[in-house]
Amino acid sequence: MKKILVLTMMLILAMSSMAVASGPNYVGVRGGGMLMDYSDIHVSDTELYHDEDDVVFGAGLVLGRSLEDDLGVPLRAELEYMYRSDFEYGWSETGGGDNVDVDVESNVQTLFANMYYDIDTDTDFTPFVGFGLGLARVETEWSGNGTIGGAAFNEGEEDTEYNFAWNLGLGCAYDFNKNWTMEAGYRYVDFGQGKVKVLNGSHIRGDGTSNEFLLGVRYNF
C-alpha cells in the first residue's frame, strides 16, 4: 500500500512539473482518521449483543472527472480505493469451569463510485456534498485460548466477506491554483457485516460502520 501511495505521488509531482493545462479530470490521494464501530457483535443468537469501537487510519487513491462541462451541472464523478488499518477488539468469558480469551481483528478495504455536488461560491473555496456506492472487502480473524470443559484449546480462523457498501458525506475544497486542490471532509460509511467461523460451527458477527475525517490532495488535468 505504501508503494502505491509513493508511486502515485511521484506521478502527480511529475505531472505538475509539466506545463499541463487544467482540465476536467483529476487524480489524487486521500486519507485520515476514522472512528470505526462494530455493533451487535455476537457469537450466536442466544448470546448477548454488544458494541465495540476503535480509531483506525486509512489512505486511498482517487480518479475523477468534473461533469459540469458535459452536463451543465456542477457534479463530479469519482472512483476511489481506500485501505484501513486493522480494527481490534476482544473479550474474556469465565464460568462453569470454562476460561476463554478471544481476540478479533478486522480489516476493511473499499472501492467506491462517488458522486459530488460542488457549490460555487465565486471564491477559491468550494463546499461539496456527496455519496458513494460500492464494494467492501471485510477480512475478519479471530484467535482464542483457554480451557473449555477442562480441556485446553488454542484456536484461530480467518474469513473474508464481500459486501455492498455506501457512504454519505460533505466537505470543502480549496484551489491553490488551476492544477492543485486540497480538500477536507467528513463522511459516514456503512460496509456491512463481518463474520468469522469459530468453534462448533458458530460465527462471530458484527455490523460495521465508520465516521471518517479525511484530508486529500487532487491534481487537475
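Mind listing just one residue for me: the one in segment 48-69 that is in contact (Cβ under 8 Å) with a residue 24 or more places away in the chain and outside any strand (DSSP E or B) and, of those, nearest to the chain's Cα centre (by Cα)?
The selected residue is Leu67.
Residues of segment 204-221 being in contact with a Gly (Cβ under 8 Å, 6 or more places away or on another chain) and either at pLDDT 95 or above or surrounded by fewer than 21 Cβ atoms within 10 Å (Cβ to Cβ) (or both), which ones?
First pass over segment 204-221, keeping only residues in contact with a Gly (Cβ under 8 Å, 6 or more places away or on another chain): 205-208, 212-221.
Passing the criteria: Arg205, Asp207, Glu212, Phe213, Leu214, Leu215, Gly216, Val217, Arg218, Tyr219, Asn220, Phe221.
Just to be sure, is Ser143 over 12 Å from the mean Cα position of the chain (by Cα) and not acidic (Asp, Glu)? Explain how you work it out, then say what you get.
Working: over 12 Å from the mean Cα position of the chain (by Cα): yes; not acidic (Asp, Glu): yes.
Taking the combined requirement at face value, the residue satisfies it.
Select, from Arg30, Arg65, the only residue that is farther than 18 Å from Thr110 by Cα and either at pLDDT 95 or above or out of contact with any Gly (no Cβ under 7 Å at 6 or more places or on another chain) (or both). Walk me through it before giving the result.
Values: Arg30 fails: farther than 18 Å from Thr110 by Cα.
Answer to the selection: Arg65.
How many residues does segment 94-133 contain that are touching a residue at least 40 places away in the same chain (Cβ under 8 Å) and either closer than 20 Å to Leu214 by Cβ or assigned to a strand (DSSP E or B) (or both)? Talk me through it step by step, then tell me what you get.
The first filter runs over segment 94-133 and keeps only residues touching a residue at least 40 places away in the same chain (Cβ under 8 Å), leaving 97-104, 106, 108, 110, 112, 114-120, 124-130, 132.
Then drop every residue that is not either closer than 20 Å to Leu214 by Cβ or assigned to a strand (DSSP E or B) (or both), which leaves 98-104, 106, 108, 110, 112, 114-119, 124-130, 132.
Matching residues across segment 94-133 total 25.
Before we move on, is Gly201 surrounded by 14 or more Cβ atoms within 10 Å (Cβ to Cβ), out of contact with any Leu (no Cβ under 7 Å at 6 or more places or on another chain) and at positive phi? Walk me through it before giving the result.
Details: surrounded by 14 or more Cβ atoms within 10 Å (Cβ to Cβ): no; out of contact with any Leu (no Cβ under 7 Å at 6 or more places or on another chain): yes; at positive phi: yes.
Against the criterion (surrounded by 14 or more Cβ atoms within 10 Å (Cβ to Cβ), out of contact with any Leu (no Cβ under 7 Å at 6 or more places or on another chain) and at positive phi), Gly201 does not qualify.
The values are calculated or read from the model by the stated rules, or taken from the named source; none is laboratory data. The model shown is predicted, which means the values in this text are computed figures rather than measured ones. Note that each Cβ is placed from the backbone with ideal geometry, even for glycine, and that neighbours are counted across all protein chains shown.
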